[in-house]
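Encoded as structure tokens, the structure appears first; notes follow it.
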Amino acid sequence: MNQAQFEQVVTFLKSLQDDICQQLEGVEVHGQFKQDAWQHDSGGGGRTRVLSGDVFEQAGVNFSHVIGTQLPTAATAKRPEMAGQGFEASGVSLVVHPDNPFIPTSHANVRVFRTLPKGDEKAHWWFGGGFDLTPYYPFDEDVMHWHQVAHDVCLPFGQDVYAKYKKWCDDYFYLKHRGETRGVGGLFFDDLNEWGFDTCFAFIQAIGGAYCEAYLPIVKKHRNSVFDDEHKQFQKYRRGRYVEFNLVYDRGTLFGLQSGGRTESILMSLPPEVSFRYNYQPELGTQEAKLQEYLKPQDWIK
């Protein structure tokens, strides 16, 4: 990947942030994104945008473009041959925490990465990303819609792409200490370069465009659903699992902190209100207990 190609991706990522923010604002009643622009010490920077409104308790959409002189350990743990190289990384990462407990939390990310060798070392590059859904009160038709969009966006790139990246998502967003998935999955991929730059870039563009297509119909369907304090308390409790995953397992969080990224932007994925209850178990037969049936890998394409 040469400099011109990398800059082409960066331009797309900025426009993707603009587009997603506009579409999320389109379903919000009151509230607009507020932007913090920031600079990275070693070069580059980003635009963090956060919205707090009536539909979305907190929606964060972050664009970053970071240049570093040495790869952090989060990047070289599985790639020791790249240790000591500089790097350039850019991406859009977003997490939406709705107010209504019947609307799922959603996450999406698309990113590009390349190394900057200091001598005759081989340069490396790849794309990564995906999107996943975390409901509190799940509905089969919502989960099926989410996965159908994921399936359809992958299909032009190969018959097996959806199945491969769905499994990767199920495996990645898994809380080992809880024995459950973070939500109902979607797509996750990393190290994507085998298709060549043009096709990989096209795939990233398709994934970025599919997020709102997958998520916004679910938001519109449930934004006026009636809920009470019991629903809200369960949502806050289950948000604790989101915190656990992001702080214990998420590689993006580790990379951002280890590479000297802006802490507030990295941790914008955390929910604004969350609760932890010791040894809480929902009563059998309740809506809350039903969630556990969804927190395991399963086929959602019928």
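For region 158-265, calculate the relative contact order in percent as a whole number, restricting contacts to Cα pairs under 8 Å that are 6 or more residues apart.
After rounding, I find 21 percent.
Using a/c under 1.5 as the rounded threshold, could you call region 1-57 rounded, prolate or oblate? The axes a ≥ b ≥ c are square roots of the C-alpha gyration tensor eigenvalues, and prolate needs a/b larger than b/c, oblate otherwise.
Taking the square roots of the gyration eigenvalues as a ≥ b ≥ c, region 1-57 is oblate.
Quick one: accessible area per residue over the chain, 1.4 Å probe, rounded to a whole number of Å²?
Details: 13670 Å² over 302 residues.
Result: 45 Å² per residue.
For region 31-70, what class follows from the C-alpha gyration tensor (a ≥ b ≥ c being the square roots of its eigenvalues): rounded when a/c is under 1.5, otherwise prolate if a/b is larger than b/c, else oblate?
Because a/c hits 1.5 or more and a/b exceeds b/c, region 31-70 counts as prolate.
Determine the calculated [θ] at 222 nm for the chain from helices alone, applying -39500 (n - 2.57) to every DSSP H run no shorter than 4 residues and normalising by the residue count; nearest 500 deg cm²/dmol.
Rounded to the nearest 500, the figure is -12500 deg cm²/dmol.
So what is the relative contact order for region 123-212, in percent, with contacts set as C-alpha pairs under 8 Å and at least six apart?
Value for region 123-212: 45 percent.
So if we plug the beta-carbon distance of ASP191 and HIS30 into 1/(1 + (r/R0)^6) with R0 = 35 Å, what FRET efficiency do we get, rounded to 0.05?
Values: r = 42 Å, r/R0 = 1.19.
Efficiency for this residue pair is about 0.25.
Measuring from the lowest to the highest alpha carbon on each principal axis, how far does the chain reach, largest first, in angstroms?
Principal axes ranked by extent give 63, 41, 37 Å for the Cα atoms.
Would you mind calculating the relative contact order of region 3-295 from Cα pairs under 8 angstrom and at least 6 residues apart, reporting the percent as a whole number?
Relative contact order of region 3-295: 17 percent.
Over region 3-295, with every protein chain in place, what whole percent of the accessible area is carbon and sulfur at 1.4 Å, could you tell me?
50
The values are calculated or read from the model by the stated rules, or taken from the named source; none is laboratory data. If you're wondering where the values come from, they're calculated on a predicted model, not measured in any experiment. Because the Cβ atoms are built from the backbone with ideal geometry, glycine has one as well, and the counts that use them run over all protein chains shown. The area values use the complete protein model at the heavy-atom level, side chains included, leaving out ligands, DNA and RNA. Shrake-Rupley method; radii C 1.70, N 1.55, O 1.52, S 1.80 Å.
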